[in-house]
Structures are given as structure tokens and as C-alpha cells.
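In what follows, a structure is listed as C-alpha cells, so that the remarks can point back to it.
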Amino acid sequence: MTLTPVEARVLGTLMEKARTVPDSYPLTLNSLLLGCNQKSSREPLMELDEAQVAGAVDALISAGLVRSVSGGRSARYEHNFQRGIGVFEQSAVLLGVLMLRGPQTAAELRLNTERWYKFADISSVEGFLEELQDRSSEKGGPLVVKLARAPGAREQRWAHLLGGTVDPAQALPAGTAGGNAERIERLETEVAQLRETVQKLCQELGVSPPGQR
């Protein structure tokens, strides 16, 4: 199953709440909606409505990744991700955080998964990510991809493939893809202003500007 962004958000939210607020889990549709739209630990932020979340839940139930739990006044929902996808607990945790927060480095993933699972070190995180990347076609193929290093970045980031292939431009940090042109334009303006300042100083000092005789 290739997940839509809404389905990935719903699934990731169920996975998160199962670990971080177990007393409130499984979730009602309203609690799930609030979790999907929360402003913290989410990238990108979403403003989903009840119909969108309900539609995603139905699709995930059909795919065997979510289950409806009877009991109480309202229907409640729980995820079946680890068994449905067929991965280890640590791998499921990494995929869940990637679904909720977008592409991240191994160091960021170790920090952001702390409330879900405590990895021993960054090397442990990288090991599970590499296993997910090298997943055989018999098991369904790779579930993550290591992205090219973004301009100015020290480490490469990882992205999940549950929603299909990743567009490299969309995978860049927020503001990077669309901000390059603006940054170049700003630098060109600053260079022009510096040149003008240097020329004025040279005129006042009675010397030729650099590069001129």
C-alpha cells in the first residue's frame, strides 16, 4: 500500500500515542484528529477535518494497518503497523517518526524517538535505517532512502518510502528549495552595495578601486 500524506499522518499519530499516552489509547476519532493537527512534533503542519481522518482510517483498516476496537460510547482505533508491514519494533519506531516529522538525520531521529524507544547510540539508529534501505524485494522492497546532502548540511537525512518515491526538492529542509533564488538575489544586492561603498571610499582617499589601475 502506498500511503497518502493524510494516511501517513493518521498512522504515525496512532503509533505515537500508543507509546506516549498509553492510558488514552486506543484513540477516538476526535482524539486522533487532534493528534494529527497538533502543532508540535509535526512536519508539515496539517489542518485536517473529521471526514479526511475518517476516510484515511477506513483505507488503513482495509489495508490491515489499523484496527477498530469496540467498547465505550465511541469507536476507538489502534494501529497494526509492525505486524502489518513486517518490521522490527525499532524499525517501526523510526518509520513512525519519519511519517510524523519528515526527513531527518540519524542524530535527529535518535533524539526524536526518545519517548518511543531509547536507542543505544546513533550507530544503532543507522543500522536499522540501513536494514530498511536494503530490504529485499521479497519482503516488499526498501522502506527508507538516504537523501543527498542538502547545501550547507553536515549530515545526510533519511526519508520514508511508505508514500512512494521521494522528490529530492520536496525532501530539502523547509525553505531550502524555494529559498535558493531569494538567497542569491540577496547576496547579489549585498555585493553591489559593497562595491558602491568601496568606490566611494576610494574616491575620498584619492586611490583607484581594487582591480583598476
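Every read-out reported here was derived from the displayed coordinates using simple, explicitly stated rules and does not represent laboratory data. Predicted model only: the values in this text are computed from it and were never measured. Here Cβ is always computed from backbone atoms with ideal geometry, including for glycine, and neighbour counts include all displayed protein chains.
Table for the structure above
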{"read-out": "Antiparallel bridges, percent of DSSP beta bridges restricted to the chain (to nearest 5)", "value": "100 percent"}
{"read-out": "Under 5 Å, built H, 5+ apart or other chain: amide partners of residue 76", "value": "69"}
{"read-out": "Kyte-Doolittle at least -0.5, axis length at least 15 Å by Cα - qualifying DSSP helices, the chain", "value": "5-20, 50-62, 89-101, 122-133"}
{"read-out": "Residue 105 long-range amide H proximity, modeled H, under 5 Å", "value": "158"}
{"read-out": "26 Å Cα-Cα reach of residue 39 towards lysines, excluding residues that sit fewer than 8 places from it in its own chain", "value": "17, 118"}
{"read-out": "Surrounding net charge for residue 85, when Lys and Arg each add one and Asp and Glu each subtract one, Cβ distance under 11 Å", "value": "+3"}
